[in-house]
Amino acid sequence: MVGPALPTAPAKSPQSITETGSTLLFPLMGSWATDYQKLYTPSGGTPTVTITTGGTGSGTGITDASTGTVNIGASDAYLSSAQKSETPGLMNIALAISGQQISYNVPGVKKLNLDAATLTKIYTGKITNWNDPAIKAINPGASLPNLKIVTLHRADSSGDTFLFTSYLNAQDPAGWPAANVNTTISWPSVSGSLAETGNSGMVAGCAANKGCIAYIGISYLQKTEAAGLGEAFVKNGSGKFLQPTPATIKAGAAAFTSKTPASETISMINGPAPRGYAIINYEYAIVNTKQSNGPQAQDIRAFLHWIVHEGQDATTYLDPVDFQPLPSSVVTQSDAQIAKIGS
Amino acid sequence: MAASASELRPEGEAGHGPPPRRLGISFGGDRAVRWVGFVFALLPAGGLLAVLAVLAVEAIPAIKLNGWGFFTHSVWNQGGGYNAVIVKTGGVAHLAGSQFGILAEIVGTLLTSAIALLIAVPVSVGAALVIVERLPRRLASLVGAFLELLAGVPSVVIGLWGVLTFGPFIAHDIAPWIARNFPDIPVLSYFTGSTGNGQGLLVSSLVLAVMVIPIVAATSRDLIRQVPILPREGAQALGMSDFETARRVTLPWVGSGIVGAVVLGLGRALGETIAVAMTCGFALGEIPGNLYGAMTTIAATIVNELDSAFGDASKFSVRSLAELALVLMVITLATNVVARLLVRRVSGTALPVGRGL
């Protein structure tokens with residue numbers, strides 16, 4: 001399956017690899033890097049490969065990778081067409097599958113259905129109270145309190161903002177125009193809305209404000225549960241309301257597996273799978289095909305190859321952050337891209 | 001050679017007797033020392049000019065394309081969506097559909113600083129008067145020491161306190177009371193309405209006030225100390241009350257110096273970044289509708305938008321941020337120059353201007 005171009009071990013001479021980018025991927029990248037480094041450290045000796053990681057945000061990760069400041073940029077969003085045309089050598093290599101939950105803090109509401117049309121109205125200030133008829137209409141039988149909605153969005157540049165606005169635009173293009181799909185946007189003015197920094201800021205902000213609604217990366221699931229936040233059932237492309245679970249995220253991604261192009265640039269939002277969750281994405285490594293020297297390029301290839309194989313282990317790596325492994329055909333596509341990294 | 005050295009340093013001893021050898025180290029003669037000193041002396045000025053120049057070069061395309069519209073509207077949009085293509089307008093590359101306006105940032109910056117000063121100035125000048133004229137010497141130096149300690153607290157610490165403790169306290173216990181008791185008439189209605197959730201204009205301004213108070217108070221205290229005792233005693237002998245003495249004798253004596261101290265505090269407030277970024281609610285492009293609304297300032301926008309701007313392949317977002325930074329730099333440099341001029345007019349001695357900055 002894997003050609004000889006793809007090394008499974010780092011170069012003999014000690015090299016160091018740098019990674020910056022997505023804060024969502026940062027904890028996982030850290031454990032991958034630590035374990036990989038250990039593999040190639042002779043007992044009592046110095047590591048053959050040193051990997052430093054940094055959680056700087058996806059935008060910085062992409063820029064750093066394109067300017068050559070770092071070897072690997074981590075991003076929740078694939079490269080935009082403008083980024084690709086500026087730096088044609090950049091690739092986005094899928095490393096894992098992530099999802100996004102819609103969290104809420106409404107006392108007494110155990111189950112909440114939401115769709116993009118309703119979320120658009122909430123985030124544009126057309127719906128301001130949880131007992132609004134439009135919310136009741138998709139939640140028959142639920143007793144919704146008379147409580148003001150506090151909308152939370154990210155203050156910093158975020159792949160999560162990109163995913164959330166992509167979902168709103170995919171289901172409700174009239175209410176949420178494509179111009180408002182990005183990693184940061186000018187949010188419509190909504191009274192009492194709050195901007196938070198980072199996923200942890202969203203969790204804390206939502207826990208502190210009754211009536212809150214927030215979009216939070218799936219890797220923070222354990223923290224949102226600990227904070228007592230509800231996890232909404234989100235309407236998918238075939239009209240079903242589902243929570244993000246390992247099964248629904250896998251099913252959602254499966255519908256896109258055969259459609260994933262060789263470049264792995266694909267939006268998996270609002271998919272057609274009946275049992276598939278609607279807001280899912282590939283987590284990417286952004287790497288330039290041209291690295292500064294051969295041994296370093298070999299190390300990057302070996303490290304990324306290890307991530308899409310050994311690094312997919314659920315119990316050690318993916319389960320703690322509620323990510324899902326890549327389907328085997330996507331692993332092959334990632335390997336094909338990894339093989340292109342040279343010097 | 002020696003003669004020119006003494007001309008350069010009139011108060012030095014180079015021209016008298018044997019050259020001083022206090023350091024006991026030879027740098028290879030006077031000439032080398034002078035050149036090294038010359039270079040070191042010019043470094044700060046060179047640094048400032050370099051920053052300005054680099055910023056200006058980075059910002060020029062943005063200045064050209066954004067034009068005056070940069071200052072007249074509040075839409076900050078990198079481009080028409082994630083997959084917008086790069087287009088060129090007037091030779092400047094940017095993402096199709098991009099729009100950059102900083103009216104809200106300018107209003108937010110001026111508004112937070114103005115409210116902060118409105119609160120900080122009376123408190124600071126009052127504190128300075130009391131420290132110099134009323135408190136026993138030991139207590140005065142203790143209070144003064146605390147003021148200087150407050151000036152030294154890193155702004156990120158104050159920001160964290162603002163987010164975790166102070167903001168919620170204002171939002172739950174203070175703001176609702178103010179909002180209830182102000183009449184719904186023009187101007188004053190700005191104090192009414194939704195009291196938000198602890199991040200916004202009022203909390204940011206109060207956090208700034210906490211940071212401005214030590215600067216204004218410490219500088220005012222040092223200024224008031226210089227007012228001779230005789231005129232003050234004279235005023236008291238004429239039957240003036242303490243308040244009248246302060247208003248008619250002490251404060252006029254150092255009046256423009258205190259204005260300088262206030263402008264110095266203003267400079268701090270205008271440029272303060274992290275504490276405001278943490279407490280302003282970061283509503284990009286939004287001018288707060290009332291005293292409690294979420295908003296943003298120039299500095300907060302730069303720090304919050306940088307990562308996103310890096311994602312813009314045309315680099316035009318970064319250039320627009322550079323233009324924003326240039327605007328902030330011009331504003332703060334201007335206030336700083338004014339402050340220094342005003343403080344210097346009062347006294348020829350080297351005042352501890354900028355202590356705590």
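Across peptide B:163-172, the mean count of Cβ atoms from other chains lying within 10 Å of each residue's own Cβ comes to 1.
Each other residue within a Cβ distance under 11 Å of A:GLY276 adds +1 if Lys or Arg and -1 if Asp or Glu, for a net charge of +3.
If both residues of a DSSP beta bridge must be in the protein assembly as shown, then about 65% of such bridges are antiparallel. For the protein assembly as shown, pairs of C-alpha atoms spaced more than 50 angstrom apart make up 26 percent of the total. With a 10 Å cut-off around each Cβ of B:268-278, the average count of Cβ atoms from other chains is 1. Taking 28 Å as the limit for the C-alpha separation, the pairs A:LYS210/A:LYS235; A:LYS12/A:LYS250; A:LYS111/A:LYS250; A:LYS121/B:LYS315; A:LYS235/A:LYS259 exceed it in the case of A:LYS12/A:LYS250; A:LYS121/B:LYS315.
Remark: mean inter-chain Cβ contacts per residue of A:79-89 equal 5, using a 10 Å Cβ-Cβ cutoff to other protein chain atoms.
Among A:CYS206, A:CYS212, B:CYS280, the ranking by other beta carbons within 10 Å of each residue's beta carbon, starting with the fewest, stands as A:CYS212, A:CYS206, B:CYS280. The ranking of B:ARG340, B:ARG319 from fewest to most other beta carbons within 10 Å of each one's beta carbon is B:ARG340, B:ARG319. Looking at region A:49-136, the trypsin sites (Lys or Arg not before Pro) that sit in a DSSP loop and have at most 11 other Cβ atoms within 10 Å of their own Cβ are A:LYS110. For chain B, excluding the exposed loop sites themselves (GluC sites (Glu not before Pro), DSSP loop, at most 15 other Cβ atoms within 10 Å), the longest remaining stretch covers B:14-357. Rounded to the nearest 20 debye, the dipole size of the protein assembly as shown about its Cα centre is 900 debye, using +1 on the Cβ of Lys and Arg and -1 on the Cβ of Asp and Glu. Listed from fewest to most Cβ neighbours within 10 Å, the set A:MET268, A:MET91 follows the order A:MET91, A:MET268. Dipole magnitude for chain B: about 900 debye, using +1 per Lys or Arg Cβ and -1 per Asp or Glu Cβ, origin at the Cα centre. Within the listed set B:PRO154, B:PRO122, B:PRO44, the residue fluctuating most in the Gaussian network model of chain B (springs between alpha-carbon atoms under 10 angstrom) is B:PRO44.
Can you return the lysines within cross-link range of A:LYS126? Criterion is Cα-Cα under 18 Å, with same-chain partners fewer than 8 residues away left out. Counting by Cα, and skipping residues close in sequence, A:LYS126 has these lysines nearby: A:LYS136, A:LYS148.
Magnitude of the charge dipole for region A:122-260, about its Cα centre and with charges confined to Cβ atoms of Lys, Arg (+1) and Asp, Glu (-1), is about 260 debye. Think of it this way: in the protein assembly as shown, B:CYS280 stand alone, with no other Cys Cβ under 4.7 Å.
Quick note: the coordinates plus some simple rules give every number you see, no bench work behind them. Predicted, not measured: the structure shown is a model, and the values here were computed from it. Ideal geometry is used to build each Cβ from the backbone, glycine not excepted, and the neighbour counts take in all protein chains shown.
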